[in-house]
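Mind looking over this structure? Questions follow.
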2 protein chains.
Amino acid sequence: MNFSGPQFLAETCQACTIRNRAICADLDPQEITLLNSIGRQRELVAGEHLLWEGDEAVLVGNVVEGMLKLSSGTSDGREQIVGLVYPSDFIGRPFGATTPYGAEALTDAKVCVFQRKDFDAFAQEHPRLEHKLLERTLTELDRTRRWMVLLGRMDAEQKLASLLLEFDDRLGASLRANTETETFELPIGRQQIADVLGLTIETISRQFSRMKKAGVVALPSRREVTILDRPTLKSLAG
Amino acid sequence: MNFSGPQFLAETCQACTIRNRAICADLDPQEITLLNSIGRQRELVAGEHLLWEGDEAVLVGNVVEGMLKLSSGTSDGREQIVGLVYPSDFIGRPFGATTPYGAEALTDAKVCVFQRKDFDAFAQEHPRLEHKLLERTLTELDRTRRWMVLLGRMDAEQKLASLLLEFDDRLGASLRANTETETFELPIGRQQIADVLGLTIETISRQFSRMKKAGVVALPSRREVTILDRPTLKSLAG
DNA sequence: CGTCTAGTTGAATTCCGTCAAAGCGGGTGG
DNA sequence: CCACCCGCTTTGACGGAATTCAACTAGACG
């Protein structure tokens, strides 16, 4: 089955939920059609890899739905998550030989993918696209550097509080059960929270328990968090 | 005194030592002249700030000589260095409202600076420049993410060993006393090494002492390091 | 020669990691 | 429908690595 015909995908693009937030925003209809002709939608199930660390960089894309993690392994087999990728975020390494980190779906996900060399060529000829990509990359670099402060200078409590606030912010309306409550669904399990924050699963668990006992959050289920006392949570985040 | 006349700077650019490594490489003579007309050279003494964290982003530039650090402070007054900037590296935050971290000269330095809005406008009209900047930003993002693995998952010994190897690599010929020895000059003091690695000055000092005692490095002076046993140092870095 | 800053070293403490065991919950098969 | 199982999470006890606090030392500079 081949979905890469311009016709089919042009329609997909029109209906695309991230159409005006992703890097393809601002392209004119003709450019969109052209971009369509080189890309295709790909569905990932939770746990499926899109990119493997160290592989040749063959794919780039845009996340349409779901969440992915970017991660890098250490020599002793542990892992550090170096980025979380949300809908409308760009993924992959254009203009480079190898992918310096793996990308794995955390939830079922939908990604609009391109062969890197097709994308590179297209980008070179469409400065507006490159400009969007540049802005996005600069923003991502800022975010990554803020994260470095977290990894380098914060204790376990500050790290977890910060992450919960970030989830609450970035998942926003999309994954929140409804707009009235302060409850949201965690996109990742305890082990991966640990891998994001540079801690162990036991430390995460203990910090959750402490926050629960202190009445700052409630944990209706393993994958849900309710913020009971936002000001305190913010102060814990430092 | 005004150095911003096209004439003067056009000549400066021709003689620029980083001319073919920085983002201005690949521009044609006409573009260079134009770029000159909006930029100027600025000399910094060690310790001088080029950008303040949180300030409005007014400046961007290229480092010509010397080294700078990018850093972000924590609420309790400690600091995390989020990037080291070497000659030919780009510095500052184009297309953004505020500078998310401070930039301070570690050594006396020479920087080719532009008003951000002038640079933004120029970049928008010169896709080749934006492309260079994009490549550079992508590379910087990769480097930053590798650093996250270091901050999140390595112990003090691995962190310091990794940093020494990076210095040895990146300072290369430029700051190395001479090409035959394994000695190089540290661009930063103990406190700032600690701020790079997310550790304290005491821990850095102890790790240096351990490596010295183990015969892996020698420390001819506070600011010099000699690598005596590179294979072991590499294995310490993990 | 004294002062000042940067770095080193030591002792006590704290936080987090490690190891181990038990608890929970969702799914499957009897 | 229930019992069992498996993976994930929680909790506890302990040890170790890094921080903290504090005293001391080495150079640099007047």
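Just need a number here: residues in segment A:145-155 that are surrounded by fewer than 19 Cβ atoms within 10 Å (Cβ to Cβ) and either touching a residue at least 40 places away in the same chain (Cβ under 8 Å) or away from DNA strand D (no atom under 16 Å from the Cβ) (or both). Show your work before the answer.
Our first condition is that a residue be surrounded by fewer than 19 Cβ atoms within 10 Å (Cβ to Cβ); within segment A:145-155, this holds for A:146, A:155.
From the residues that got through so far, the ones that are either touching a residue at least 40 places away in the same chain (Cβ under 8 Å) or away from DNA strand D (no atom under 16 Å from the Cβ) (or both) too are A:146.
So the count comes out to 1.
In segment B:201-217, what residues are open to solvent by 60 Å² or more (accessible area, probe 1.4 Å) and more than 9 Å from DNA strand C (Cβ to nearest atom)?
If the condition is that a residue be open to solvent by 60 Å² or more (accessible area, probe 1.4 Å) and more than 9 Å from DNA strand C (Cβ to nearest atom), then B:214 is the only one that fits.
Taking helices (runs of 4 or more DSSP H) that do not extend beyond segment B:99-207, which have at least 2 residues that are over 30 Å from residue B:28 (Cα atoms)? Full working, then the answer.
Numbers: elements: B:116-125, B:127-153, B:156-175, B:190-197.
Of the helices (runs of 4 or more DSSP H) lying wholly inside segment B:99-207, those with at least 2 residues that are over 30 Å from residue B:28 (Cα atoms) span B:127-153, B:156-175, B:190-197.
Same structure again: Which one is nearest to the other protein chains (Cβ to nearest Cβ) among residues in segment A:52-74 that are farther than 26 Å from residue A:159 by Cβ and within 18 Å of the chain's Cα centre (by Cα)?
Going residue by residue through segment A:52-74, those that are farther than 26 Å from residue A:159 by Cβ are A:52, A:54-62, A:64-65.
With the extra rule that they be within 18 Å of the chain's Cα centre (by Cα), the set shrinks to A:52, A:59-62, A:64-65.
Numbers: A:52: 16, A:59: 15, A:60: 11, A:61: 15, A:62: 16, A:64: 22, A:65: 24 Å.
That would be A:60.
Mind listing whichever residues of segment A:191-238 are within 11 Å of DNA strand D (Cβ to nearest atom) and of a type in the set (Lys, Arg)?
Correct list: A:206, A:210, A:212, A:213, A:222, A:223.
Being under 23 Å from the mean Cα position of the chain (by Cα), modelled with pLDDT of 95 or more and surrounded by 15 or more Cβ atoms within 10 Å (Cβ to Cβ) narrows it down to one residue among A:191, A:158; which is it?
On the way: A:191 fails: surrounded by 15 or more Cβ atoms within 10 Å (Cβ to Cβ).
Unique residue meeting the criteria: A:158.
A further question follows. Going by the conditions given, is residue A:184 in contact with a Lys or Arg (Cβ under 9 Å, 6 or more places away or on another chain), within 16 Å of DNA strand D (Cβ to nearest atom) and away from chain B (no Cβ under 14 Å)? Spell out the reasoning first.
Working: in contact with a Lys or Arg (Cβ under 9 Å, 6 or more places away or on another chain): yes; within 16 Å of DNA strand D (Cβ to nearest atom): yes; away from chain B (no Cβ under 14 Å): yes.
For residue A:184, the condition - in contact with a Lys or Arg (Cβ under 9 Å, 6 or more places away or on another chain), within 16 Å of DNA strand D (Cβ to nearest atom) and away from chain B (no Cβ under 14 Å) - is met.
Only one residue in B:117, B:110 is basic (Lys, Arg) and either within 14 Å of chain A (Cβ to nearest Cβ) or under 18 Å from the mean Cα position of the chain (by Cα) (or both), so which one is that? Working first, answer last.
Numbers: B:117 fails: either within 14 Å of chain A (Cβ to nearest Cβ) or under 18 Å from the mean Cα position of the chain (by Cα) (or both).
From the options B:117, B:110, the qualifying one is B:110.
Regarding residue A:77, is this residue under 12 Å from the mean Cα position of the chain (by Cα), small (Gly, Ala, Ser) and within 14 Å of another protein chain (Cβ to nearest Cβ)?
On the way: under 12 Å from the mean Cα position of the chain (by Cα): no; small (Gly, Ala, Ser): yes; within 14 Å of another protein chain (Cβ to nearest Cβ): yes.
No; evaluated as a whole, the condition is false for this residue.
Which of the residues that make up segment B:1-27 are open to solvent by less than 60 Å² (accessible area, probe 1.4 Å), at pLDDT 55 or above and out of contact with any strand residue (DSSP E or B) (no Cβ under 9 Å at 6 or more places or on another chain)?
B:19, B:25, B:27, listed by residue number.
Next up: Report whether or not residue B:80 is open to solvent by less than 40 Å² (accessible area, probe 1.4 Å), in contact with a helix residue (DSSP H, G or I) (Cβ under 7 Å, 6 or more places away or on another chain) and not hydrophobic (A, V, I, L, M, F, W, C). Quick ask: steps written out before the conclusion?
Values: open to solvent by less than 40 Å² (accessible area, probe 1.4 Å): yes; in contact with a helix residue (DSSP H, G or I) (Cβ under 7 Å, 6 or more places away or on another chain): yes; not hydrophobic (A, V, I, L, M, F, W, C): yes.
Here the answer is yes, as residue B:80 does meet what is asked.
Let me ask something additional. Restricting attention to segment A:40-50, does a residue exist that is exposed (fewer than 13 other Cβ atoms within 10 Å of the Cβ) and touching a residue at least 60 places away in the same chain (Cβ under 8 Å)? Let's see the steps before the verdict.
Step one: list which residues in segment A:40-50 are exposed (fewer than 13 other Cβ atoms within 10 Å of the Cβ), which gives A:45, A:47.
Okay, now just the ones that are also touching a residue at least 60 places away in the same chain (Cβ under 8 Å), so A:45.
Checking segment A:40-50: at least one residue is exposed (fewer than 13 other Cβ atoms within 10 Å of the Cβ) and touching a residue at least 60 places away in the same chain (Cβ under 8 Å).
The values are calculated or read from the model by the stated rules, or taken from the named source; none is laboratory data. Just so you know, these numbers come straight off a predicted model, no measurement behind them. A quick note on method: Cβ atoms are made from the backbone with ideal geometry, for glycine too, and the neighbour counts reach across all protein chains shown. Accessible surface is based on the protein model in full, side chains and every heavy atom, while ligands, DNA and RNA are left aside. Shrake-Rupley method; radii C 1.70, N 1.55, O 1.52, S 1.80 Å.
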